[in-house]
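S.K.: Structure provided below as structure tokens; questions to follow.
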Amino acid sequence: MIAAVVAVAASLAAQCSGAACPNPCTQCTFQPDEGTNPSLAEWRSLFVDVSRRQNLDGLPAIPSVEAGPQRTREAAEFPCILLPAIAMAESGVAQFCDSGRTIISFDCGFGVMQVTSGASRYPGLQSRADINVAAGADILAQKWNGDQSFGGHFGASDPSFLESWYFAVWAYNGFVYSNNPSNPDKPPNRPPFNSLSTLSRRSYPYQEIVWGYLGFPLRKEGEAVFTAQLPTYPSVCAGNIASCCTNGVCPGVPNQSGLFNVEVALPQPAHAVPCVEECPPSGCPPQAQRTLLLDDRDAGFSVAGDVASVNAVGEGGFRDGFRTVPATTTTPTVTATWRAPAPASGTFLVSGFVPLSPAENEAVVVRVTARGGERTFTLDQGVAGGFFAPLGEIALRAGDDVVITVDNVSAHDGIIGLDAFQLTWRGDGDVADGGACQDSSACAGDAVCVGGTCGAGCETAGCGVDECDDITGLCVAGEGEGEGEGEGEGEGEPGEGEGEGEGEGDGEGEDPIDLPPSVVGCTCAAAGVDGALPLIALALLRRRRRH
């Protein structure tokens, strides 16, 4: 009896030998059919419809998912790029081989979503891409609802976030230990799949292959299938549930084999990618104005200091070449600056490109001066590179410069790479003028956060005796000392008089910024003001995600 079961299992596991194309398997539930793959526009429309659960007449039913802390069933939408990323991992987003016959793998995986087990429940999945995609969504929703066996859940089980689907995507391929991120067969510190420095596919658990495609999607007809969104990877535990979790709550994915059910904190920042864009009252900027790239090859890049210590590397950077400089723990000897005008107003995610060797510094300090003040981030170049690593979010105003600086002071002694940064529009703040705020990214429109309250920037509100910083939108006070000589004389009757005088003076002062001509030429009624006024405190920007 056992031998018979093993024989049947082996037969089901390997119905055919060889690749699914150009000769698909013909020993499965359905025979390959003849057809043509949808165009890119048709693929996009199909994935949106299935993700939003709309226009599904005649397609497989997709169950509601258990969402929220109480795991209440609701017909929630899928994150809009999740299903196409799974399709990339399964078939390269193709229903039919180049020969025109259905893709059917050796283990009877059908079409674009490679549906295997239970394929007989989806008649037509070998012939129609829409049936196949809906079948894949049905299976994925079932895996989500099977949290008691398939890993558990992240945070409050919010299906709008990509990161919440980690366990379900794992289970889509098989909730087996070979897909555990701590599996010793997978190399540690692996770069994102499909990134510039990607390893072979077998070096990754399945869900990390999908995660890689989310950040580095395939291209069809000369363009990316969807706009990339690199998700946040969950933490992992070195030990199993017994050693790393408390009452089923774990700081990361446990190094556990078999089926299990735990709660893991939702990785931050978490990313909601709805199919229908939620635009602020000012509207969403055109696609061409949503990304700003700053590269060391651009005209807005400059290096100051000991330029002889800066070396050029021919490959391994964002656009092949990049530059390096040795790190120091004391006084900076080199400062690199990237400067460019903001393409739109709103909240932008700042990401730094991680170049390949010899860049290896684990604590590169990145300073970004933008709307609301300066924000400091740390870029780890010690990981396997070839991708943009998200750092945090800032507020920008269209047309104003954003300035990024990196010097060679670091707590780590590794070589520092000077390469590229990417700023990606994420939305807008929702706190109106007069509302409470922690930083300027919370404020709607071009307002800035000063003293815990959103209000107009200094370009509109003015600064009195102070000076307006046209990059941050905040008022700053100049500092200076001087001495001078003068003489004058005058005469006149009481009530009348005239006089003239001359004076010469020189002094030294240090201003916080280089002021534009419009500010330098300003005349202010500030007689009697002596000394520098205190600098306005700048609230630190917090990370904020767009829902």
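The values are calculated or read from the model by the stated rules, or taken from the named source; none is laboratory data. No experiment lies behind these values; they were computed from the predicted model shown. In this analysis, Cβ positions are derived from the backbone assuming ideal geometry, glycine residues included, and neighbour counts consider all displayed protein chains.
S.K.: Among (1) under 18 Å from PRO341 (Cα atoms); (2) polar (S, T, N, Q); (3) out of contact with any Lys or Arg (no Cβ under 8 Å at 6 or more places or on another chain), which single condition is THR472 missing?
M.R.: (3)
S.K.: Turning to a different aspect of this structure: For region 264-291, what are the residues that are buried (at least 17 other Cβ atoms within 10 Å of the Cβ) and over 20 Å from LEU349 (Cα atoms)?
M.R.: VAL264
S.K.: Hey, can you tell me all the residues within region 94-115 that are touching a helix residue (DSSP H, G or I) at 6+ places or on another chain (Cβ under 6 Å) and either small (Gly, Ala, Ser) or crowded, with 24+ Cβ neighbours inside 10 Å (or both)?
M.R.: Selection gives GLN95, ILE103, PHE110, GLY111, VAL112, MET113, VAL115.
S.K.: Given the structure, is PRO181 in contact with a strand residue (DSSP E or B) (Cβ under 6 Å, 6 or more places away or on another chain), surrounded by fewer than 23 Cβ atoms within 10 Å (Cβ to Cβ), more than 22 Å from ARG52 (Cβ to Cβ) and in the same structural domain as ARG53 (by TED's automatic domain parsing)?
M.R.: Here the answer is yes, as PRO181 does meet what is asked.
S.K.: Of the numbered conditions (1) over 28 Å from GLY316 (Cα atoms); (2) buried (at least 18 other Cβ atoms within 10 Å of the Cβ), ASN194 fails exactly one; give the number of that condition.
M.R.: ASN194 satisfies all of (1) over 28 Å from GLY316 (Cα atoms); (2) buried (at least 18 other Cβ atoms within 10 Å of the Cβ) except (1).
S.K.: State yes or no: is ARG53 out of contact with any Phe, Trp or Tyr (no Cβ under 8 Å at 6 or more places or on another chain) and charged (D, E, K, R)?
M.R.: yes
S.K.: Pull up region 357-379, narrow it to residues that are modelled with pLDDT of 95 or more and among the acidic types (Asp, Glu), then point me to the one that is nearest to ASP320 (Cα to Cα).
M.R.: Among those that are modelled with pLDDT of 95 or more and among the acidic types (Asp, Glu), it is GLU360.
S.K.: So which residues in region 438-469 are in a loop (DSSP other than H, G, I, E, B) and modelled with pLDDT of 85 or more, if there are any at all?
M.R.: Residues satisfying the conditions are ALA444, GLY445, ASP446, ALA447, GLY451, GLY452, ALA456, GLY457, GLY462, CYS463, ASP466, ASP469.
S.K.: Now for a separate question. Is it true that some residue in region 181-197 is under 21 Å from ASN37 (Cβ atoms) and in a loop (DSSP other than H, G, I, E, B)?
M.R.: Yes, region 181-197 contains a residue that is under 21 Å from ASN37 (Cβ atoms) and in a loop (DSSP other than H, G, I, E, B).
For (1) in contact (Cβ under 8 Å) with a residue 60 or more places away in the chain; (2) closer than 24 Å to PRO269 by Cα; (3) touching a Leu at 6+ places or on another chain (Cβ under 7 Å), each residue gets a yes or a no:
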position: PRO184; (1), (2), (3): no, no, no
position: THR198; (1), (2), (3): yes, yes, no
position: ILE209; (1), (2), (3): yes, yes, no
position: LYS220; (1), (2), (3): yes, no, yes
position: VAL236; (1), (2), (3): no, yes, no
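S.K.: Which one of the conditions (1) touching a residue at least 60 places away in the same chain (Cβ under 8 Å); (2) in contact with a Phe, Trp or Tyr (Cβ under 9 Å, 6 or more places away or on another chain) does THR116 fail to meet, given that it meets all the rest?
M.R.: Condition (1) is where THR116 drops out.
S.K.: Among THR369, THR331, THR378, which is more than 21 Å from the chain's Cα centre (by Cα) and in the same structural domain as VAL403 (by TED's automatic domain parsing)?
M.R.: Every option except THR331 fails the conditions.
S.K.: Let me ask another. Return yes or no: is THR347 among the polar types (S, T, N, Q), modelled with pLDDT under 95 and buried (at least 20 other Cβ atoms within 10 Å of the Cβ)?
M.R.: Criteria met by THR347.
S.K.: Also: Which one is surrounded by the most Cβ atoms within 10 Å (Cβ to Cβ), of the residues in region 217-250 that are β-branched (Val, Ile, Thr) and in a loop (DSSP other than H, G, I, E, B)?
M.R.: Result: VAL225.
S.K.: While we're here: Does ASN132 qualify as being among the polar types (S, T, N, Q) and either without any contact (Cβ under 8 Å) to a residue 40 or more places away in the chain or not assigned by TED's automatic domain parsing to the domain that holds GLY248 (or both)?
M.R.: Yes.
Condition check ((1) touching a strand residue (DSSP E or B) at 6+ places or on another chain (Cβ under 8 Å); (2) not charged (D, E, K, R)) across all residues:
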residue	(1), (2)
ARG219	no, no
THR227	no, yes
ASN255	yes, yes
LEU259	yes, yes
PRO269	yes, yes
PRO280	yes, yes
PHE301	yes, yes
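S.K.: Okay, next question. Counting only residues that are aliphatic (A, V, I, L, M), in contact with a helix residue (DSSP H, G or I) (Cβ under 7 Å, 6 or more places away or on another chain) and within 17 Å of ASN37 (Cα to Cα), which one in region 116-153 is surrounded by the fewest Cβ atoms within 10 Å (Cβ to Cβ)?
M.R.: Here the residue is ALA129.
S.K.: Yes or no: region 352-366 includes at least one residue that is touching a residue at least 40 places away in the same chain (Cβ under 8 Å), aliphatic (A, V, I, L, M), part of a loop (DSSP other than H, G, I, E, B) and crowded, with 21+ Cβ neighbours inside 10 Å.
M.R.: Checked against the condition, which is being touching a residue at least 40 places away in the same chain (Cβ under 8 Å), aliphatic (A, V, I, L, M), part of a loop (DSSP other than H, G, I, E, B) and crowded, with 21+ Cβ neighbours inside 10 Å, region 352-366 yields at least one hit.
S.K.: Quick one: which of PHE226, PHE161, PHE193 is of a type in the set (Phe, Trp, Tyr), under 25 Å from the mean Cα position of the chain (by Cα) and over 27 Å from GLY146 (Cα atoms)?
M.R.: PHE226
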